[in-house]
Amino acid sequence: MNPLPQIKTYFILDKNLESVKRQYAVFFIIGIISFLFGILFLKIFYRNLEINLLLSNILSFILVSAINYFLSIRFVFLRGKFTLLKEIFLFYIIAILSLIIDSLLLLYLVEKAGLWYIFAKFITVFAVSFITFALKELLIFKK
């Protein structure tokens with residue numbers, strides 16, 4: 001049995017809108033993709049370019065939010081409730097709120113709890129994903 005056809009269906013927006021569970025599953029997959037980009041950007045800014053952790057996290061978060069927005073409107077959420085400009089504005093407002101929570105938690109886990117920054121980032125992204133999905137679903141994309 002070839003799982004590829006079944007996996008492909010997770011990248012069809014109409015199918016994903018049929019249930020919140022499926023929609024969140026695809027949101028989570030996109031989150032993993034975004035997370036990997038975030039780790040890459042964080043490593044580049046923090047380790048390679050030697051920018052401080054907080055600024056590195058902010059820069060990577062901004063880039064990842066743009067990637068996440070385009071993947072989200074393609075595979076997870078139905079556009080149309082707002083104009084494109086307002087939708088992007090609201091998306092980034094939620095992203096900024098998420099960034100604040102993510103950054104505070106990341107700093108705490110690294111500086112106070114002594115966790116490795118990559119492991120701490122795993123924890124923060126997982127925790128913030130639930131809040132982000134709910135806010136995006138209810139405030140931006142719900143018709």
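Brief remarks follow.
- Count of the range 100-121 residues which are in contact (Cβ under 8 Å) with a residue 24 or more places away in the chain and either over 19 Å from Ala66 (Cβ atoms) or open to solvent by 20 Å² or more (accessible area, probe 1.4 Å) (or both): 6
- The set of residues in the range 29-57 that are closer than 24 Å to Ile88 by Cα, at pLDDT 85 or above and hydrophobic (A, V, I, L, M, F, W, C) comprises Ile29, Ile30, Ile32, Ile33, Leu36, Phe37, Ile39, Leu40, Phe41, Leu42, Leu54, Leu55.
- The range 72-93: number of residues that are of a type outside the set (Ser, Thr, Tyr) and under 19 Å from Ile33 (Cα atoms): 6
- Picking from residues in the range 10-37 that are of a type in the set (Val, Ile, Thr), assigned to a helix (DSSP H, G or I) and open to solvent by 40 Å² or more (accessible area, probe 1.4 Å), the one that is farthest from Ala127 (Cα to Cα) is Val20.
- Residue count, the range 38-96 (criterion: surrounded by fewer than 17 Cβ atoms within 10 Å (Cβ to Cβ), within 24 Å of Leu138 (Cβ to Cβ) and among the charged types (D, E, K, R)): 4
- Within the range 32-47, being out of contact with any helix residue (DSSP H, G or I) (no Cβ under 8 Å at 6 or more places or on another chain) and over 20 Å from Leu115 (Cα atoms) holds for one residue alone: Ile32.
- Failed criterion for Ile140 (all others in (1) touching a Phe, Trp or Tyr at 6+ places or on another chain (Cβ under 7 Å); (2) without any contact (Cβ under 8 Å) to a residue 40 or more places away in the chain; (3) open to solvent by less than 70 Å² (accessible area, probe 1.4 Å); (4) not acidic (Asp, Glu) hold): (2)
So that you can scan it fast, the table gives a plain yes or no per residue for (1) over 12 Å from the mean Cα position of the chain (by Cα); (2) closer than 15 Å to Asn52 by Cα:
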position	(1), (2)
Ile101	yes, no
Leu104	yes, yes
Glu111	yes, yes
Gly114	yes, no
Tyr117	yes, yes
Ala120	yes, no
Phe126	no, no
Phe130	no, no
Lys136	no, no
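The values are calculated or read from the model by the stated rules, or taken from the named source; none is laboratory data. None of the values given here were measured: they were computed from a predicted structure. Cβ coordinates were reconstructed from backbone atoms using ideal geometry, including for glycine residues, and neighbour counts include every protein chain displayed. Accessible surface is based on the protein model in full, side chains and every heavy atom, while ligands, DNA and RNA are left aside. Shrake-Rupley method; radii C 1.70, N 1.55, O 1.52, S 1.80 Å.
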